[in-house]
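The values are calculated or read from the model by the stated rules, or taken from the named source; none is laboratory data. The shown structure was predicted, so the numbers you read here are calculated from the model rather than taken from an experiment. Cβ atoms come from the backbone with ideal geometry, glycine included; neighbour counts cover every protein chain shown.
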Amino acid sequence: MRPSTIDTNQRPFVLVWELTQACELACKHCRAEAQPQRHPDELTTEEGKRLLEEANEFGENQLVVLSGGDPLYRDDTFDLIEYGVEQGLQMTLTPSGTASLTPDRIQALADSGLRRLALSIDGATPDAHDGFRKEAGSFRQTVEAARAANEAGLPLQINTTVCAETVEQLPQLRELVADLDAVLWSVFFLVPVGRGQVLDPVPPERADRVMEWLTAVNSAADFGIKTTEAPHYRRVAIQQRRSATDKPDSDAIGRRTGITAGDGFAFVSHTGEMYPSGFLPKPAGNVRTDSLVDLYRDSPLFEELRDPDALKGKCGACEFRNVCGGSRSRAYATTGDPLESDPLCPYVPEGYDGPLPEQSPAD
């Protein structure tokens with residue numbers, strides 16, 4: 001099925017299930033504020049299998065991302081991947097870059113039918129990455145895991161956080177992404193939630209310059225690029241008369257750009273809470289008691305987030321709201337209202353004279 005035929009009112013492009021918040025790392029930006037111990041109320045294996053069965057009700061080839069914490073902290077992760085594949089789901093995984101991610105485990109992931117392995121690299125050198133991740137050796141272990149994924153024939157995605165601490169390293173990271181033969185570079189613009197509240201974001205004007213650079217990289221690189229929590233990447237690309245979807249099918253999953261929290265994206269927490277995104281922790285319900293499909297399609301929160309005319313401030317007045325819409329997660333984190341303007345975007349629509357995000361009474 002072509003991504004352009006999917007109605008995001010009926011199904012998400014991406015469904016993320018946070019298997020656990022347990023993790024060996026203590027990364028500076030961690031949304032989950034991960035810790036070494038697993039939560040006693042995590043979804044059980046059987047509850048997880050029911051969740052995967054429900055995910056299949058969205059339609060064929062539903063993309064499911066198993067995340068954490070470190071999803072490999074659970075001893076049933078391989079069984080869940082195999083069960084999801086049996087259900088007809090496209091299963092992907094975002095493990096932590098630790099010593100536990102051995103070549104044998106990566107080969108076993110490939111053998112289980114996993115479609116994509118996503119690894120995070122936030123610094124172009126061991127010192128920079130390990131300092132950000134607060135774990136000596138994490139850079140080496142992550143690069144070794146990336147090489148092992150290549151050896152196993154497992155498509156590789158690299159995730160990178162963009163904030164004041166990492167932005168200068170993006171050109172070097174671009175070279176590393178190419179060297180690791182990644183199929184996709186997912187560039188995440190910091191949202192101040194969890195431990196990320198202590199980090200400094202890039203200023204809005206700098207964010208736009210980064211996105212201009214990313215559009216140029218996207219046109220020239222052999223790998224695809226997507227931004228996370230920065231949908232105005234599409235506005236920047238349109239203004240540059242380039243397409244932010246130059247290579248929509250190059251990442252082997254068929255993901256297209258244009259998804260935002262609650263509109264093409266959904267998140268299930270380790271305890272079953274259903275959120276529009278892990279970075280927008282406002283629950284619509286719980287999959288233990290409510291239908292996953294119904295929560296996505298019919299909950300008032302999700303319906304509102306899919307209505308560009310419900311947006312407020314300059315995002316609501318913007319002519320790009322149907323292709324961008326701003327980060328609803330960042331709006332929620334900074335104002336408490338997921339429909340307010342995204343403070344990372346510097347663009348002001350022509351003729352707009354209302355309040356700007358930094359002038360909001362909630363700031």
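The residues of the stretch 34-52 that are over 30 Å from T5 (Cβ atoms) and touching a residue at least 40 places away in the same chain (Cβ under 8 Å), listed by number, are H39, D41, E42, L43, E47. Provide a single number: the residues in the stretch 113-160 that are buried (at least 18 other Cβ atoms within 10 Å of the Cβ) and in a loop (DSSP other than H, G, I, E, B). Total satisfying the criteria: 10. Cβ separations smaller than 8 Å between residues 6+ apart or across chains give no pair from the stretch 53-67 residues that are more than 15 Å from G113 (Cβ to Cβ) to residues that are assigned to a loop (DSSP other than H, G, I, E, B) and among the acidic types (D, E).
The single residue among L119, L66, L114, L109 that is closer than 30 Å to W213 by Cβ and either of a type in the set (V, I, T) or at pLDDT 95 or above (or both) turns out to be L119. Filtering the stretch 280-337 to residues that are outside any helix (DSSP H, G or I), under 17 Å from the mean Cα position of the chain (by Cα) and surrounded by 23 or more Cβ atoms within 10 Å (Cβ to Cβ) leaves L280, C324, G325, G326, S327.
A Cβ distance below 8 Å, combined with a sequence gap of six or more or placement on separate chains, defines the contacts here; from the stretch 77-88, residues that are on the phi < 0 side of the Ramachandran plot reach residues that are hydroxyl-bearing (S, T, Y) and assigned to a loop (DSSP other than H, G, I, E, B) in the pairs F78/S112; I81/S112; E82/S112; V85/S112.
All of R174, R209 fail the test of being touching a strand residue (DSSP E or B) at 6+ places or on another chain (Cβ under 9 Å), part of a helix (DSSP H, G or I) and charged (D, E, K, R), apart from R174. For the stretch 95-104, a residue qualifies if it is touching a Gly at 6+ places or on another chain (Cβ under 8 Å) and buried (at least 22 other Cβ atoms within 10 Å of the Cβ), and the qualifying residues are P95, S96. The single residue among L295, L344 that is under 30 Å from E57 (Cβ atoms) and modelled with pLDDT of 95 or more turns out to be L295.
With respect to the stated conditions, L51 fails to be on the phi < 0 side of the Ramachandran plot, at pLDDT 95 or above, in contact with a His (Cβ under 7 Å, 6 or more places away or on another chain) and not polar (S, T, N, Q).
Is it the case that some residue within the stretch 105-112 is buried (at least 22 other Cβ atoms within 10 Å of the Cβ), touching a Ser or Thr at 6+ places or on another chain (Cβ under 7 Å) and outside any loop (DSSP other than H, G, I, E, B)? Scanning the stretch 105-112, I find no residue that is buried (at least 22 other Cβ atoms within 10 Å of the Cβ), touching a Ser or Thr at 6+ places or on another chain (Cβ under 7 Å) and outside any loop (DSSP other than H, G, I, E, B), so the answer is no.
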